[in-house]
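Worksheet: the structure to be examined is printed underneath.
The values are calculated or read from the model by the stated rules, or taken from the named source; none is laboratory data. Quantities reported herein were computed from a predicted structural model and do not represent experimental measurements. Cβ sites come from the backbone with ideal geometry, for glycine too, and all protein chains shown count toward neighbours.
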Amino acid sequence: MLSRRLFSSLAATAALAFTLGLSMPAAPAHAETPIKFTLDWKFEGPAAGFLLALDKGYFKAEGLDVTIDSGNGSVEAIPRVATGAYQMGFGDINSVIKFLDEDASQKVKAVYMVYERPTFAVVGRKALGITEDPKSLEGKKLGAPPPDGAFAQWKAFKQVAGIDDSKITIESIGFPVREPMLAKGDVDAVFGFAFSVILNLKAQGVPADDIATILMAEHGLNLYGNSVLVNTDFAEANPEAVKGFLKALAKGFADAVANPAEGVAAVLKRNETLNSDIELERLGMANAMNIKTPYVVENGMGGVDMARLSASIETLKLSMGLKGNVTAERVFDASYLPAKEERMLP
């Protein structure tokens, strides 16, 4: 049994604690909002902005608990977000347009443009008869990974570039064998993101002067590229979390532009098999071609010109057979963007 003195002492302590509990405010809860984010592809140089925002605590400072997973193509990221398997992700906005045109009730929209100029390309070898002229693709065999964002634009591209595809053979291939097949000459050219295919070909031993790159954006395809996507149910329930994510991301991409080597180090932490020099070159290409474009230098990263986005939808209507069920306002929501001054790149 407790002695009377000990019991009295415990009672007094409990009373004091109770009194202090009433007089002092409760400790604030610091529960962080969890966000699962899917990339479009593997951990490579262009993912540096996302990873720096995570590693440098920018997401955490916004009250977010973010996890970032690799992806399997910029088209596949879309259903991952739409189904809620991931709250946010990184995917091709043109494929989002197609996705929503087929079913406007799908729970996904774009909220932050990353590749203001798309990196869609057909890359071939000069030794196999491919030049930078799209017409050189006629009569050739092209390798196409079905989930690839560049291949998703083939119908649009061949129309605006005036390509006769009657003698072109399209061979469905997987991402892992894309560059090896081109290096061996099993196909004459492949679809892909320019900065990925070019550097992967170099890694396969293909000389730089044998690589011919046809950038779709330089041959009539005036579209946007990959953007940050959000599940619409999540965004409606957690608007401040989405705003905080984009604010943190803007800092991460600014850092990746200012210090690419730091960005590549963040990538190599996730994929030690990569070559740091190759990833530094890959990130530099993405920054120069797709991210820090003249429009972004003037207007800041993340936003879009809605008139241009509307025009791109019209282009996709003609070339991809869209039904006309989607508008630019349904596809892209600028309401979560940070202020312009917070989105400027160094």
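Computed quantities for the displayed model
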| item | result |
| --- | --- |
| Looking only at the range 320-336, and only at residues there that are surrounded by fewer than 17 Cβ atoms within 10 Å (Cβ to Cβ) and among the hydroxyl-bearing types (Ser, Thr, Tyr), the one that is nearest to residue 249 (Cα to Cα) | 335 |
| The one condition in (1) touching a strand residue (DSSP E or B) at 6+ places or on another chain (Cβ under 6 Å); (2) under 19 Å from residue 331 (Cβ atoms) that residue 241 fails to fulfil | (2) |
| Subset of the range 301-346 (residues that are in contact (Cβ under 8 Å) with a residue 24 or more places away in the chain, part of a helix (DSSP H, G or I), of a type in the set (A, V, I, L, M) and more than 20 Å from residue 103 (Cβ to Cβ)) | 306, 311, 318, 334 |
| Residue within the range 107-118 that is in contact with a strand residue (DSSP E or B) (Cβ under 8 Å, 6 or more places away or on another chain), hydrophobic (A, V, I, L, M, F, W, C), buried (at least 16 other Cβ atoms within 10 Å of the Cβ) and under 20 Å from residue 211 (Cα atoms) present | no |
| Lone qualifier among 99, 90 - being farther than 30 Å from residue 255 by Cβ and at pLDDT 95 or above | 99 |
| Complete set of residues in the range 53-72 that are under 15 Å from residue 87 (Cβ atoms) and within 14 Å of the chain's Cα centre (by Cα) | 68, 69, 71 |
| The one condition in (1) part of a helix (DSSP H, G or I); (2) farther than 29 Å from residue 341 by Cα; (3) touching a helix residue (DSSP H, G or I) at 6+ places or on another chain (Cβ under 6 Å) that residue 196 fails to fulfil | (3) |
| Test for residue 191: is it closer than 30 Å to residue 112 by Cα, among the aromatic types (Phe, Trp, Tyr), outside the structural domain of residue 321 (by TED's automatic domain parsing) and not in a loop (DSSP other than H, G, I, E, B) | yes |
| Residue within the range 110-127 that is under 30 Å from residue 31 (Cβ atoms) and either in contact with a Pro (Cβ under 8 Å, 6 or more places away or on another chain) or assigned to a loop (DSSP other than H, G, I, E, B) (or both) present | yes |
